[in-house]
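What follows draws every value from the coordinates through simple rules; no lab data is involved. All values derive from a computational prediction rather than experimental measurement. Don't worry about glycine lacking a Cβ; one is built from the backbone with ideal geometry, like all the others, and counts go over all protein chains shown.
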Amino acid sequence: MKATAKANTNIALIKYWGKRDKDLFLPMNSSLSITLDKFHTITTVEFIADLKEDTFKLNNLLASKEDKIKISKFLDKVRALAGVPYFANVNSTNNVPTAAGFASSASGYAALAAASVKALDLNLSLKDLSILARQGSGSAARSIYGGFVEWQMGSLPDGTDSYARQLIREDEWDLSILSAVCQVGHKTISSREGMKLTVETSPFYKGWLDSVSIDLEDIKQAIAERDFIKLGEITERNALKMHATMLAANPPIIYFDSGTLEVIHCIRELRNQGIYAYCTVDAGANVKILCKREEEDKVTNILNTLQGVKEVIACHPGGGISYL
Ligand code: PMV
């Protein structure tokens, strides 16, 4: 009743922003991401018959009570699926530096779902694994697969049609995703709270929903055609639109910092000079930049000269779940 799994994190090009069911993590819109090769979580789960409660260690330290409750709630779903009452010891190693601005929840819950299901010998398809991982963190549904991944929102109230699928493998399109780590001068709100506030109060939310499905169809075509410029333009537009929607919430949500804007302006200026790079920003201040692999060093060097940038980390498309 013990297994270890590894999952990579992912970056959304078409963002998931808003839940229609907060308990089942059902999204208001479909989304699309690239799984990355650099940042991952490795998790070992061992169910033990006489254990009195679940334990959760993160990077060899006992996790906070709050995190432990979330993990136990997730394991309850796995226990219910397997019809097994046992508690588990969960040991996770995260090599997603918080400073790098990638959410570790995507790789975290994807690895936890895969390891706990394997530990209990549950024979789940990747689709069912994606449905399970989604119930820990929405973006985790996408980290089950490598390469370019679409999470279809589905429409059923029980969430059985809300899962991710792979569009193309990681080796089918090589490009670079740079993370520009920006100085952060203020506290931001969690994606969970930010989504809720935006759905409930932003007058622009309808506009977001009405247009995101068009962005998704267009970007899928760009991927099929390996059209980098089209991919980049849609990615940048979609991210800025998500932030515009949040800026209109009440109270307004601002994830951008001065460094964020400095990077965005720099990347737009690079395009004027014929270097085709594009930005995307999640629920934080850091900017992720898409560029062609052959221009990775050039773009990295330019970003490193900016005052608001502390570090630039280069990633590439990576693989899906694996077992160790
Ligand atoms: O699944 P969460 O709670 O980590 O939310 C992800 C939200 C965004 O990163 C902003 C968008 C996305 O689709 O990953």
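A few points about this structure:
- Centre-to-centre, using Cα atoms only, the range 68-133 and the range 1-27 are separated by 11 Å.
- Exposure proxy shown here: for 61, 81, the number of other Cβ atoms within 10 Å sets the order, fewest to most, as 61, 81.
- Footprinting exposure proxy ranking of 205, 323, fewest other C-beta atoms within 10 angstrom first, gives 323, 205.
- Neighbours of residue 319, meaning other residues whose beta-carbon lies under 11 angstrom from its beta-carbon, give a summed charge of -1 when Lys and Arg score +1 and Asp and Glu score -1.
- Peptides 299-306, 48-55, 110-117 ranked from most to least packed give 110-117, 299-306, 48-55, packing being the mean of other C-beta atoms within 10 angstrom over each peptide's residues.
- Acute angle (nearest 10 degrees) that the helix 65-82 long axis makes with the longest principal axis of the chain, alpha-carbon atoms: 60
- Within straight-line cross-link reach of residue 38, aspartates and glutamates at Cα separation under 18 Å, skipping those fewer than 8 residues along the same chain: 170, 171, 172, 174, 282, 296, 297, 311
- Averaging the Cα positions of each part gives two centres, and for the range 260-300 and the range 161-180 these lie 18 Å apart.
- Distance violations [Cα-Cα > 19 Å] among 2/65; 15/292; 230/292: 2/65; 15/292
- Extension reserve of the residue 196-residue 322 stretch, reckoned as 0.36 nm per residue once the Cα distance is removed: 42.1 nm
- Taking 182, 279, 266 in turn, the Gaussian network model of the chain (Cα-Cα springs below 10 Å) assigns the largest fluctuation to 266.
- Once the Cα-Cα distance is subtracted from the 0.36 nm per residue extended length, the residue 211 to residue 224 segment shows a gain of 2.6 nm.
- Angle in degrees between helix 191-201 and the longest Cα principal axis of the chain, rounded to the nearest 10: 70
- Multiplying the residue separation of residue 95 and residue 73 by 0.36 nm and removing their Cα-Cα distance gives an extension gain of 5.6 nm.
- Rounded to whole Hz, the Karplus (6.51, -1.76, 1.60) HN-Hα couplings of the range 150-159, x for glycine and proline: 10, 9, 7, 5, x, 9, 6, x, 8, x
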